[in-house]
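A.B. asks: To start, I am sharing the structure in question, which I have written as structure tokens.
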């Protein structure tokens, strides 16, 4: 008959019954025109499926937000873990040339040799390449430092500000890092207080700085990068968490230097 819906069913003599899952739709064999009843069923099914998709997406977004608040942003954390394996390590082991050895042999103090090696490293800096490692014992963190504070470099880890010195040159060394994404290396730098140590391990020496103070400034306060007449370390990160409205700055002063073998004596 026209407009009649015929539902196909298993043969009566079939001994095996197949149970569909709750979300499974049995195939319908339709003959003639589709009735308004069938059309309404299709619309309801579409609305139900759409609702489930929206609910699932909402739950995933809520989970992402909860993980970001309680731990760290998971997507960029995975990206950073993958990218860290591709950081260029070449600048951490540049061999001394004959000219380098001759120049070092003419220097009489360890401090002079460290400064020479620091200038040598600075001339070879390349954006995104590793230059050393930063350790903050109070926070239990240890990250490779790369050259550059552009978006791509900071995805790899804390980045050394171009235009500021390397450790051992008697000037300001500045390093920036994320607080809520890409492994959030500087997430808790607000917990650093006077006397806390920050260690920079460079190829030519290990430098231990002691925190003096911290300060909240505007993003345009580039005076924090100025040289002040002594070896100083500046750590910079966005503030407050999940915002770039301000910058939190930690100031530290050099306390101790442990030279690498290349700076102790000329081989």
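A.B. asks: Just to be sure, is residue 120 in contact with a helix residue (DSSP H, G or I) (Cβ under 8 Å, 6 or more places away or on another chain) and closer than 26 Å to residue 197 by Cα?
C.D. replies: No, not satisfied.
A.B. asks: Evaluate the following for residue 125: is it in contact with a strand residue (DSSP E or B) (Cβ under 6 Å, 6 or more places away or on another chain) and within 25 Å of residue 228 (Cβ to Cβ)?
C.D. replies: yes
A.B. asks: On to the next question. Condition first: in a helix (DSSP H, G or I), touching a residue at least 12 places away in the same chain (Cβ under 8 Å) and surrounded by fewer than 21 Cβ atoms within 10 Å (Cβ to Cβ). Now tell me which residues in the range 181-223 satisfy that.
C.D. replies: Result: 190, 191.
A.B. asks: Here is a check on your reading of the model: is residue 139 buried (at least 16 other Cβ atoms within 10 Å of the Cβ), in a loop (DSSP other than H, G, I, E, B) and within 21 Å of the chain's Cα centre (by Cα)?
C.D. replies: Yes.
A.B. asks: So, of the residues in the range 81-116 that are surrounded by 17 or more Cβ atoms within 10 Å (Cβ to Cβ) and within 15 Å of residue 261 (Cα to Cα), which turns out to be modelled with the lowest pLDDT?
C.D. replies: Ranking the candidates gives 92 first.
A.B. asks: Pairs only if they're at least six apart or on different chains, beta carbon under 9 angstrom, first in the range 230-252 and free of Cβ contacts under 8 Å to residues at least 24 places away in the same chain, second buried (at least 18 other Cβ atoms within 10 Å of the Cβ) and in a loop (DSSP other than H, G, I, E, B); list them, first residue then second.
C.D. replies: 240/179
The values are calculated or read from the model by the stated rules, or taken from the named source; none is laboratory data. Remember, predicted model here, so these are calculated numbers, not experimental data. Note: ideal-geometry Cβ built from the backbone for every residue, glycine included; neighbour counts use all protein chains shown.
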